[in-house]
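Just dropping this structure here.
The values are calculated or read from the model by the stated rules, or taken from the named source; none is laboratory data. The shown structure was predicted, so the numbers you read here are calculated from the model rather than taken from an experiment. Every residue, glycine as well, gets a Cβ built from its backbone with ideal geometry; the counts of neighbours run over all protein chains shown.
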Amino acid sequence: MRVSVIGCGNIAQVHLEILNSMEGIEISSVADIVEEKADKAAEKYGCKAYYDYIKMLDEDHPDAVHICTPHYLHVEMSVEALSRDIHVLCEKPCAMNREELAKIRMAQLMSTHEYGVCFQNRYNSSVRAIKNTLETGKYGAIKGARAVVQWCRNEDYYSDDWHGTLRKEGGGVVINQGIHTQDLLRYLVGSDVVSVTGHVANDHLKDKIEVEDTAHARFVFANGSIGLYDATTAFSLNAKPIIDIFCERATLRVEGDNACIIHKDGEIELLGSESDIARGKDYWGSGHEALIHDFYDCIASDSRFPIDSHEGGKSVEELAAIYESSESGEEVILGKR
């Protein structure tokens with residue numbers, strides 16, 4: 001299968017490294033508007049460099065593309081590829097707002113090809129261990145959940161032309177760093193969010209960025225449980241995100257690559273997990289390789305990739321509600337618009 005990568009920045013290097021290691025995959029081309037980045041990646045992986053992704057799609061005719069560009073380009077590029085009957089794996093978020101989400105969902109609906117969103121942390125061994133344990137029902141019903149992300153993004157992180165801008169990034173910690181943990185919170189609870197009350201603020205880089213660096217949200221899930229979510233990039237370091245799922249008979253915790261069960265008597269039981277290898281920055285998680293392999297397995301077996309625009313778009317619905325609630329000061333009911 002011939003695969004192209006659009007965008008040759010940091011996260012693209014993870015995709016390229018994994019693709020290059022896979023049997024049956026040929027990296028046929030890369031594209032980036034920064035010619036030096038495209039040329040460097042093309043030389044490393046022995047493929048053709050393009051500086052215009054449309055020209056690449058039309059001339060190279062890849063079977064699949066990986067979209068690793070700034071947020072504001074995700075929907076445009078995904079729609080263009082799907083309309084040419086090309087499979088698409090897109091980095092998160094799949095859209096920046098509800099209007100964009102409707103476009104990509106319609107494009108997927110009209111296409112016979114795979115569309116996937118890169119929420120790689122679902123494939124981390126710690127997350128799989130907790131998910132599998134929850135699905136046994138051994139510890140009773142889920143009563144509530146909480147998630148905390150405390151990372152550091154200083155002024156130099158925003159030195160490019162898109163991070164920290166509303167038009168190109170679409171927001172701050174909610175749409176960029178915290179979205180993975182937000183996705184895992186819903187995934188582990190196993191129930192969709194039906195209402196959101198949220199607050200966002202800039203506590204760290206006032207007058208430096210246009211977007212929030214801190215957020216809090218209260219989620220009500222369809223199963224009646226409550227989830228609390230706190231995320232910030234105003235911390236002094238990149239701490240491991242923590243997710244606690246409170247069940248009737250125990251609390252199940254994911255803390256980065258670690259998973260455990262905290263029993264009612266205080267005993268902590270570590271859950272065995274495989275040794276994951278993180279590619280790129282360690283806070284990106286270690287699930288990219290498993291996710292990318294799963295995506296191509298789904299193509300080969302003609303089955304639907306599980307994190308498509310419907311499933312992957314749920315995080316967009318939630319983050320849009322966080323921003324709306326923060327502005328209005330009111331609870332936002334999902335699906336009522």
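Just to verify a result, which residue in the range 291-337, among those that are within 15 Å of the chain's Cα centre (by Cα) and among the charged types (D, E, K, R), is farthest from Val173 (Cα to Cα)?
Asp308
What single numbered condition from (1) within 22 Å of His163 (Cβ to Cβ); (2) touching a residue at least 24 places away in the same chain (Cβ under 8 Å); (3) surrounded by fewer than 18 Cβ atoms within 10 Å (Cβ to Cβ) fails to hold for Tyr229?
Single failed check for Tyr229: (3).
Filter the range 110-146 for residues that are outside the structural domain of Lys206 (by TED's automatic domain parsing) and over 19 Å from the mean Cα position of the chain (by Cα); which is nearest to Ala250 (Cα to Cα)?
Applying the filter and picking the extreme gives His113.
Can you name the condition, by its number, that Glu135 falls short on among (1) acidic (Asp, Glu); (2) crowded, with 17+ Cβ neighbours inside 10 Å; (3) closer than 19 Å to Leu185 by Cβ?
(2)
Going through Cys118, Cys152 one at a time, which residue ends up being closer than 20 Å to Ser286 by Cα, of a type outside the set (Val, Ile, Thr) and in contact with a helix residue (DSSP H, G or I) (Cβ under 9 Å, 6 or more places away or on another chain)?
Going through Cys118, Cys152 in turn, just one is closer than 20 Å to Ser286 by Cα, of a type outside the set (Val, Ile, Thr) and in contact with a helix residue (DSSP H, G or I) (Cβ under 9 Å, 6 or more places away or on another chain): Cys118.
Please pick out the residue among Leu252, Leu237, Leu205, Leu271 that is surrounded by 15 or more Cβ atoms within 10 Å (Cβ to Cβ), in contact with a Cys (Cβ under 7 Å, 6 or more places away or on another chain) and over 26 Å from Cys90 (Cα atoms).
Checking each option against the conditions leaves just Leu271.
Only one residue in Ser78, Ser28 is closer than 23 Å to Ala290 by Cβ and among the hydroxyl-bearing types (Ser, Thr, Tyr), so which one is that?
Ser78
Follow-up question, since we're still on this one. Yes or no: the range 6-27 includes at least one residue that is of a type in the set (Ser, Thr, Tyr) and in contact with a Phe, Trp or Tyr (Cβ under 9 Å, 6 or more places away or on another chain).
No, there is no match, as no residue in the range 6-27 is of a type in the set (Ser, Thr, Tyr) and in contact with a Phe, Trp or Tyr (Cβ under 9 Å, 6 or more places away or on another chain).
Another one. Taking the range 9-65, which residues are surrounded by fewer than 17 Cβ atoms within 10 Å (Cβ to Cβ), touching a strand residue (DSSP E or B) at 6+ places or on another chain (Cβ under 9 Å) and of a type in the set (Ser, Thr, Tyr)?
Matches in the range 9-65: Tyr51 only.
Quick grid of which residues meet (1) part of a loop (DSSP other than H, G, I, E, B); (2) buried (at least 16 other Cβ atoms within 10 Å of the Cβ); (3) within 18 Å of the chain's Cα centre (by Cα):
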{"residue": "Val148", "(1), (2), (3)": "no, yes, yes"}
{"residue": "His163", "(1), (2), (3)": "yes, yes, yes"}
{"residue": "Gly172", "(1), (2), (3)": "yes, yes, yes"}
{"residue": "Asn176", "(1), (2), (3)": "yes, yes, yes"}
{"residue": "Asp183", "(1), (2), (3)": "no, yes, yes"}
{"residue": "Leu188", "(1), (2), (3)": "no, yes, yes"}
{"residue": "Thr197", "(1), (2), (3)": "no, yes, no"}
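OK, next. Taking the range 205-238 as the region of interest, how many residues are in a loop (DSSP other than H, G, I, E, B), out of contact with any helix residue (DSSP H, G or I) (no Cβ under 9 Å at 6 or more places or on another chain) and not aromatic (Phe, Trp, Tyr)?
Of the residues in that region, 7 qualify.
Follow-up. I want to confirm something. Restricting to the range 239-260 and keeping residues that are more than 14 Å from Ala145 (Cα to Cα) and small (Gly, Ala, Ser), which single residue is modelled with the lowest pLDDT?
Within the range 239-260, the match that is modelled with the lowest pLDDT is Gly256.
Are there any pairs with C-beta distances below 6 angstrom linking a residue in the range 82-101 that is modelled with pLDDT of 95 or more to a residue that is among the polar types (S, T, N, Q) and assigned to a loop (DSSP other than H, G, I, E, B), with the two at least 6 apart or on different chains, and if so which?
Listed pairs, sorted by first residue: Leu82/Ser111.
Sticking with this structure for a sec: Have a look at Ala102, Ala129, Ala95 and point out the one that is closer than 24 Å to Gly335 by Cβ and part of a helix (DSSP H, G or I).
Working: Ala129 fails: closer than 24 Å to Gly335 by Cβ; Ala95 fails: part of a helix (DSSP H, G or I).
Criteria check complete, one pass: Ala102.
For every residue, the table says whether it meets (1) closer than 18 Å to Arg128 by Cα; (2) modelled with pLDDT under 95.
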| site | (1), (2) |
| --- | --- |
| Gly280 | no, yes |
| Gly285 | yes, yes |
| Leu291 | yes, no |
| Asp294 | yes, no |
| Asp302 | no, no |
| Asp308 | no, no |
| Gly312 | yes, no |
| Val316 | no, no |
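Here's another thing I want to ask about it. Is it the case that Glu155 is acidic (Asp, Glu) and in contact with a Lys or Arg (Cβ under 6 Å, 6 or more places away or on another chain)?
yes
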